[in-house]
1. Applying the selection to the stretch B:77-99, what residues are within 26 Å of the chain's Cα centre (by Cα), of a type in the set (Ser, Thr, Tyr) and not in a loop (DSSP other than H, G, I, E, B)?
2. Here are the criteria: (1) under 28 Å from B:Thr277 (Cβ atoms); (2) touching a strand residue (DSSP E or B) at 6+ places or on another chain (Cβ under 8 Å); (3) small (Gly, Ala, Ser). Tell me which single one B:Ala129 does not satisfy.
3. For the stretch B:734-748, give me each residue that is more than 29 Å from A:Arg147 (Cα to Cα) and either aliphatic (A, V, I, L, M) or within 14 Å of another protein chain (Cβ to nearest Cβ) (or both).
4. Among the numbered criteria (1) over 27 Å from B:Ser191 (Cβ atoms); (2) in contact with a helix residue (DSSP H, G or I) (Cβ under 7 Å, 6 or more places away or on another chain); (3) buried (at least 20 other Cβ atoms within 10 Å of the Cβ), which one does B:Asp330 miss?
5. If I ask for residues that are part of a loop (DSSP other than H, G, I, E, B) and within 13 Å of B:Met132 (Cβ to Cβ), which ones from the stretch B:46-63 would you list?
6. When the stretch A:80-119 is examined, which residues are found to be surrounded by fewer than 24 Cβ atoms within 10 Å (Cβ to Cβ) and among the small types (Gly, Ala, Ser)?
7. Within the stretch B:183-199, can you find the residues that are under 16 Å from the mean Cα position of the chain (by Cα) and either farther than 18 Å from B:Ala706 by Cα or modelled with pLDDT under 95 (or both)?
8. Which ones in the stretch B:1-38 are within 26 Å of the chain's Cα centre (by Cα), under 23 Å from B:Glu205 (Cα atoms) and in a loop (DSSP other than H, G, I, E, B)?
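The values are calculated or read from the model by the stated rules, or taken from the named source; none is laboratory data. From a predicted model like this one, the values you see are computed outputs, not experimental measurements. Here the Cβ positions follow ideal geometry from the backbone for every residue, glycine too, while neighbour counts run over all protein chains shown.
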Amino acid sequence: MESVALVVNGVARTVEVEPRRLLVQLIREDLGLTGTHVGCDTSQCGACTVHMDGVAVKSCTVLAVQADGSSVTTIEGMAPEGGLHPLQAAFWEKHGLQCGFCTPGMIMTAADLLASDTDPDDDAIRHALEGNFCRCTGYHNIVAAIREAANKMQVGAATSAEGAPR
Amino acid sequence: MATEMQRQTTPEVGGMGHSVKRKEDPRFIRGAGQFIDDLVLPGMLWLDIVRSPYAHATIKSIDASEALKVPGVAAVITGADLEKAGLHWMPTLAGDKQMVLPTHTVMYQSQEVAAVVATSRYAAADGVAAVMVDYEPLEVVVDPHKALLPDAPVLRPDRAADKQNNHIWHWESGDRAAADAGLAAAEHRISEDIYIPRIHVASIETCGCVADWDAIRGQMTLHMTSQAPHVIRTVLALVSGLPEQNIRVKTHDIGGGFGGKVPVYPGYVLAVVASLTTGKPVKWIEDRSENLQADSFARDYHIHAEMGATNAGKITSLKVSTIADHGYTDAAADPSKFPAGLFNVITGSYDFPNAFVEVDGVYTNKPPGGVAYRCSFRVTEAVHAIERMVDILAHDLDIDPAKIRMDNFIQPEQMPYKTPTGWEYDSGDYPRALKLAMDMIGYDDLRKEQAEKRARGELMGIGISSFTEIVGAGPSHDFDIIGLKMFDSCEIRVHPTGKVLARIGVQTQGQGHETTFAQIIAEELGFPVADIKIEYGDTDTAPYGLGTYASRSTPVAGAATAMAARKIKEKARHLAAHLLEANPDDLVWTNGKWSVKGSPDRSKTIQEIAFAAYTNHPQGMEPGLEAVDYYDPPNLTFPFGSYICVVDIDKGTGQVTVRRFVAVDDCGNIINPMIVDGQIHGGLTMGFAPSLLESMTYDENGNNLAGTFMDYLLPTAVETPAWELGKTTTPSPHHPIGAKGVGESATVGAPPAIANAVVDALWHLGVRNIDIPLTPQKIWAILREKGVTA
């Protein structure tokens with residue numbers, strides 16, 4: 001067994017794992033954070049997407065031991081208890097989900113996009129989602145939701161900049 | 001005829017016609033859904049499955065001794081073990097039988113061969129790797145046409161003596177002689193072979209279950225991914241002998257269904273057996289490869305169609321013969337009377353007198369199935385065939401494909417319309433939908449642009465599909481699954497404080513029933529959607545229903561919900577009369593209140609009435625305010641639409657790009673416009689997918705060539721077009737709220753629009769038909785054959 005020390009959603013955790021254990025199983029089964037899903041074995045579907053040190057990764061294709069020393073954010077860590085991240089709010093508002101299975105991965109991938117491109121056009125959004133499958137929505141409203149979130153976050157950023165102490 | 005519904009409620013109440021935000025979303029956007037693999041029970045074991053590498057082989061031996069030495073492995077289950085309990089075969093929904101585990105022969109690649117039960121996911125997988133199976137390969141039958149040849153190996157020797165061949169059944173509909181006569185007399189005849197390939201629903205959540213046997217209470221709880229939990233409960237009771245009241249099936253949240261979660265798979269049965277054997281909860285979760293390689297397929301119809309018409313393009317006759325590849329057993333999820341589903345809706349949106357359809361089911365060494373892939377029973381196959389044939393006829397006669405459709409449409413004044421294969425379409429206005437689609441896309445300008453581009457050697461095509469669906473199964477005189485009539489149900493309880501709990505017999509796999517069924521009740525009774533909780537998917541509490549598939553939730557359970565609400569409204573009228581000291585006949589219902597006719601200030605709200613039902617009911621009346629309705633629909637519903645697709649084809653690569661796609665749908669009265677649009681977006685994408693990308697193929701040895709997402713190509717956001725939607729509204733005259741169902745229309749309607757557009761782009765080169773998927777390889781080869789170069 002190997003000891004993996006990592007910070008998950010801001011909380012320091014240490015987990016004993018077999019070397020072959022996947023990060024997604026550490027997250028889902030050892031830590032009980034079941035919002036991260038598994039939809040394929042070949043890192044195509046993106047349902048397992050989480051952030052590792054601020055970058056979106058497919059946690060079904062990362063060994064738990066590779067996450068030793070890292071900081072991981074899952075869908076459960078996207079907003080404070082009871083609150084919603086602008087992406088979560090926009091997915092709800094724009095009907096960007098149906099069965100909800102791909103949704104956490106979509107939101108984590110979208111957050112990764114918006115971290116580097118605050119004003120993506122539809123084409124950029126669609127390309128950012130190329131590693132995430134959705135079978136229900138046809139992506140149409142997912143794209144709309146991400147655009148909406150980007151707009152809200154830009155307004156939010158502008159507002160907080162204006163309100164910042166001089 | 002019913003009239004189009006106007007909104008009756010305020011946005012705060014949120015009845016029909018309001019885009020109410022979904023009540024289920026707060027848990028999903030936070031990652032707090034409860035999917036099957038999220039469920040962990042104390043002491044739970046894991047089940048994993050040994051699968052066959054061969055498509056057809058004799059099992060000479062299974063040696064589990066090394067597997068049983070793997071740390072954590074608790075048991076290995078083989079077909080021989082199941083045979084002792086008579087559980088090695090199970091019935092299919094189509095009246096055939098399927099192996100749970102084989103005792104002698106495997107019939108398709110990835111078939112279940114043995115199950116390993118262990119204390120962890122990893123230990124179970126280690127156990128699977130350690131089970132040694134000795135196979136002797138047998139001759140493999142992949143091609144269903146060859147399967148019918150006299151010298152083909154008999155794949156199912158377990159069948160009766162007079163059925164020692166690979167022909168399963170023959171089914172026909174319509175008038176063969178009339179269709180033949182119609183063809184013989186026709187001025188113009190066309191004939192075409194159209195193959196609709198095997199595809200897979202590939203819901204992003206795979207299938208799975210947790211079987212939990214409580215020996216002390218004699219209780220089996222089966223948590224599972226099922227679109228039809230009540231049917232599962234009854235089948236489990238019949239097969240296992242467990243008393244039905246002690247079986248509880250719970251579905252929790254389901255990550256997409258599309259028909260793939262209707263059947264009973266061996267894995268579910270194995271988990272039940274393993275839990276009964278070990279006395280512990282047992283979890284089985286498929287991985288993606290197992291899901292794609294072993295679960296029920298869709299389509300796989302080899303269609304031969306002949307159409308007769310006048311030289312002016314008026315259709316006179318249609319004759320269709322089809323070979324249906326069912327794999328090694330008929331596990332189709334079709335109603336009993338319809339082994340080829342509702343394929344005889346193949347006359348489509350068109351008015352012509354003569355039609356005959358026949359289908360022959362065939363066994364091959366492929367996985368069983370015959371599920372829907374987001375469509376009512378075999379309707380996509382029917383729509384594809386008729387819409388392709390109409391388009392070929394148009395091009396053959398040099399008539400615009402829009403004009404030929406307009407000239408052949410069943411007209412709205414002909415409704416209700418009896419088709420030559422026996423269906424009675426309840427309503428429809430096909431010219432209006434096509435006209436709207438043509439206006440939205442600018443059809444005439446596109447044809448001009450196409451002519452200009454063709455003159456320059458560029459390849460652009462325009463394709464139309466004017467489809468009619470048949471959904472909402474179904475009336476009990478014709479529709480049952482293993483004898484269970486296809487009614488559906490709703491039970492509504494109004495609590496004293498004016499809040500509502502309603503339970504429905506259908507399931508949701510993402511359709512948003514927690515919201516839309518609340519909206520139906522809000523519409524009927526005036527309770528705000530926020531005050532209504534919808535429950536489903538627990539057979540201990542929900543009323544009996546046949547489940548969610550074939551777009552039947554709104555047509556059947558939605559009707560039951562409206563009817564149950566109306567029973568409550570009627571009781572509320574008598575309660576209100578008591579409270580208002582008025583005659584019940586003098587009361588009128590408006591905006592959630594019963595009022596005295598002519599004195600609107602003398603009224604009682606539904607909430608006041610609900611309180612009185614528990615605190616102040618008249619003597620002699622039953623207290624409480626509840627109702628249940630089991631709805632047996634008088635007819636099916638017939639959603640329709642017209643889609644127009646514009647494609648550009650790259651001459652260098654053969655790549656087809658869908659430049660624009662306009663979809664005009666008519667699903668009758670709409671409960672939630674936002675959700676309807678979402679259903680259409682998703683349906684269009686699942687129509688786009690098999691048109692251009694998806695196909696489950698096998699080599700001559702029966703090896704699956706598309707068994708992972710590396711090879712089975714789901715569309716991503718990059719390829720998927722931005723959809724343009726339009727609506728017409730023609731309410732169903734027999735449905736209580738005039739609705740028709742919408743979840744599958746677009747999957748049914750989209751493929752021929754795309755295929756027609758591609759052939760339209762290539763017709764001048766001498767191309768009459770190309771079978772989907774229209775992959776770059778296929779198109780590139782045709783272009784080179786026709787001498788087209790970049």
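1. Hits for the stretch B:77-99: nothing passes.
2. For B:Ala129, the exception is condition (2).
3. Step one: filter the stretch B:734-748 for residues more than 29 Å from A:Arg147 (Cα to Cα), giving B:734-741, B:748.
Result: B:Ile737, B:Ala739, B:Val748.
4. Checking B:Asp330 against (1) over 27 Å from B:Ser191 (Cβ atoms); (2) in contact with a helix residue (DSSP H, G or I) (Cβ under 7 Å, 6 or more places away or on another chain); (3) buried (at least 20 other Cβ atoms within 10 Å of the Cβ), the one that fails is (2).
5. Step one: list which residues in the stretch B:46-63 are part of a loop (DSSP other than H, G, I, E, B), which gives B:52-56.
Answer for the stretch B:46-63, where residues must be part of a loop (DSSP other than H, G, I, E, B) and within 13 Å of B:Met132 (Cβ to Cβ): just B:Pro53.
6. A:Gly82, A:Gly83, A:Ala89, A:Ala111, A:Ala115, A:Ser116
7. Answer for the stretch B:183-199, where residues must be under 16 Å from the mean Cα position of the chain (by Cα) and either farther than 18 Å from B:Ala706 by Cα or modelled with pLDDT under 95 (or both): there is none.
8. Of the stretch B:1-38, the ones within 26 Å of the chain's Cα centre (by Cα) are B:16-25, B:27-29, B:33-38.
When the remaining residues are screened for being under 23 Å from B:Glu205 (Cα atoms), the result is B:22-25, B:27-29, B:33-38.
Passing the criteria: B:Arg22, B:Lys23, B:Glu24, B:Gly33, B:Gln34, B:Phe35.
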